[in-house]
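The values are calculated or read from the model by the stated rules, or taken from the named source; none is laboratory data. As the structure is a prediction and not an experimental result, all values here were calculated from the model. Because the Cβ atoms are built from the backbone with ideal geometry, glycine has one as well, and the counts that use them run over all protein chains shown. Just the protein is used for accessible areas: all its heavy atoms, side chains included, with ligands, DNA and RNA removed. Shrake-Rupley method; radii C 1.70, N 1.55, O 1.52, S 1.80 Å.
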Amino acid sequence: VKQDNYYKDAILSYPVYLGSDLWNVTGSFLQPFILQGNAFLLADTNTQEFCLPLLKKNIPGFENIPAFILPAGEGSKDLAQFGKILKWLMVSGASRNSLLINLGGGVVTDIGGFAAAAFNRGMKYINLPTTLMGQVDAAIGGKTGINVGGVKNQAGLFYDPLAVFILPEFLETLPEEQTRSGFAEIVKCAALAGKGAWEIVKNSSFTDKQALFNLTGETVKFKCKVVAEDPFDLSSRKMLNFGHTAGHGLESFHISLGRKDYLHGDAVAAGMICESWISHETAGLPGNELEEITELIISAFHPDPIEKKHYSRISSFMDYDKKKTVAGIGYSLLEKLGKPVLGRTVDRDILYGSFDYYNNVITK
Ligand code: GLY
């Protein structure tokens, strides 16, 4: 639904608002919770510094909301912090009818959603995603969770927020590498949506504010549509895993090395190059489309080589993938731009071949 100055996607069971100057809409939604002292804020050290002041300035009463602040970064998405959030909610007097406000990127919205699902067997929550990655992907779709033993998203639930408010003003507080990271999900959705969306992304720059706003809107609409068709990820939603099978292996591997500068989008971008090659080898993706995807990713990202001696370690992290069944991991691949194929198993040799392809193209 297009409103005067914002877009409200009502295809899901909860509204997803997107637009500049959404402060009034967000404020009106929050007022009853704020007035009853029934709102609680989860933020991280970055959003506390850069985003919280904007909320305090623009939403009456926001400054009185009790807050729990996580250390910024993927390392916080773990059991220890999960336990601390639950304990804080308890001692702060939260109840089932309270509202948890998740202010942050994917780490905050994932762990906050999971804590909301678990606290008193389910309290209310909303997401205010502050990173591009959060705005176009993590905050929408009700997937919540934490990493376990360094493996991505091993524990979690589907648990929907009451609403998602996407305020582009927050993106202005981000360093460029964070914007780049979110751009990986925009590229992914365009590859899944088809030629039209692909051409638009190919010809836009994520450093242009207006272009980024438009791309965010298109990606949010696409994500909402995919989630609405398969909210519990049983079939067609799995297309969103394109790039994420190899990507999660690479991400878990880099987390294990303690690399804090390696972002989710870097892993997904590298994963999409690998999985496009696998798609070309095993699912019919035409050579020219493989080249287009590879070129676009290389031009926007600065992919790191994958050392041969690490291939097996990366692949062993992938063995913990949630997409695994007795038959193996089900990859989401592309038959062509706009035509995903789901549940494909891939031999280890082909996976290693994709790492070789990746290493070749990024050093060309
Ligand atoms: N991030 C993938 C999904 O929401 O299904």
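If Lys and Arg each add +1 and Asp and Glu each add -1, what is the summed charge of the other residues whose beta carbon sits under 10 Å from the beta carbon of Phe158?
Result for the neighbourhood of Phe158: -1.
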- Identify the trypsin sites (Lys or Arg not before Pro) of the range 1-100 meeting these criteria: DSSP loop state and at most 14 other C-beta atoms within 10 Å of the C-beta. Arg96
- Message: Using a 1.4 Å probe on the protein heavy atoms, what percent of the accessible area of the chain belongs to carbon and sulfur?
- Response: 52
- Item | Translational D in µm²/s for the range 160-207 (Stokes-Einstein at 20 °C, 1.002 mPa s, Kirkwood Rh from C-alpha pairs) | 173
- For the range 127-260, what is the relative contact order in percent, using Cα pairs closer than 8 Å and at least 6 residues apart in sequence? 27
- Task: Give the relative contact order (percent, whole number) for the range 307-364; include only Cα pairs under 8 Å separated by 6+ residues.
- Result: 22
- Message: Over all directions, the average projected area of the alpha-carbon convex hull for the range 52-207 comes to how many nm²?
- Response: 10.0
- Task: Find out how many positive minus negative residues lie around Ser95, taking Lys and Arg as positive, Asp and Glu as negative, among other residues whose Cβ is under 12 Å from that of Ser95.
- Result: +3
- What helix-only [θ] at 222 nm does the chain give? Using -39500 (n - 2.57) per DSSP H run of at least 4, over all residues, to the nearest 500, the answer is -14500 deg cm²/dmol
- Query: Which whole-Hz ³J(HN,Hα) couplings does the range 114-130 yield from phi under the Karplus relation 6.51 cos²θ - 1.76 cosθ + 1.60, θ = phi - 60°, glycine and proline marked x?
  - Reply: 5, 5, 5, 5, 8, 5, 6, 6, x, 10, 7, 8, 10, 10, 10, x, 10
- Note down the relative contact order for the chain as a percent, whole number, built from C-alpha pairs under 8 angstrom at least six residues apart. 14
- Tell me which residues come under 5 Å, amide H to amide H, from Leu70 once H is placed; ignore anything under 5 positions away on its chain. Ala43, Asp44, Thr45
- Task: Calculate, in nm to one decimal, what Asp349 and Ala327 gain on full extension: separation in residues at 0.36 nm each, minus their alpha carbon distance.
- Result: 6.3 nm
- For Ile140, solvent-accessible area (1.4 Å; no DNA, RNA or ligand), Å²: 0
- What net charge is computed for the residues neighbouring Leu54, neighbours being all others with C-beta under 10 Å from the C-beta of Leu54, Lys and Arg scored +1, Asp and Glu -1? 0
- Task: Just reorder Tyr159, Tyr17, Tyr358 by solvent-accessible area, largest first, 1.4 Å probe, all chains present.
- Result: Tyr159, Tyr17, Tyr358
- Item | Percent of C-alpha pairs per 5 Å bin, the range 224-364, short to long | 2, 10, 20, 24, 22, 14, 6, 1, 0
- Item | Net dipole in debye of the chain [+1 Lys, Arg Cβ; -1 Asp, Glu Cβ; about Cα centre; nearest 20] | 1000
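Roughly what % of DSSP beta bridges within the chain run antiparallel, to the nearest 5? Please report the intermediate quantities before stating the final value.
Details: 15 of 34 bridges.
If I count the DSSP bridges inside the chain, around 45 percent turn out antiparallel.
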- Using r as the Cβ-Cβ distance of Asp356 and Phe232, and R0 as 41 Å, what FRET efficiency do you calculate, to the nearest 0.05? 0.70
- Hey, with R₀ at 30 Å, roughly what FRET efficiency would Asn288 and Phe213 work out to, going by the Cβ-Cβ distance, to 0.05? 0.50
- Task: Highest first, please rank the peptides 165-172, 124-131 by the mean number of other Cβ atoms sitting within 10 Å of their residues.
- Result: 124-131, 165-172
- Task: Mind jotting down the distance between the C-alpha centroids of the range 74-128 and the range 256-285, whole Å?
- Result: 30
- Across bins of 5 angstrom width beginning at 0, how are the C-alpha pair distances of the range 168-274 distributed, in whole percent? 2, 12, 20, 22, 21, 15, 7, 1
- Item | the chain shape via C-alpha gyration tensor axes, a/c threshold 1.5 | prolate
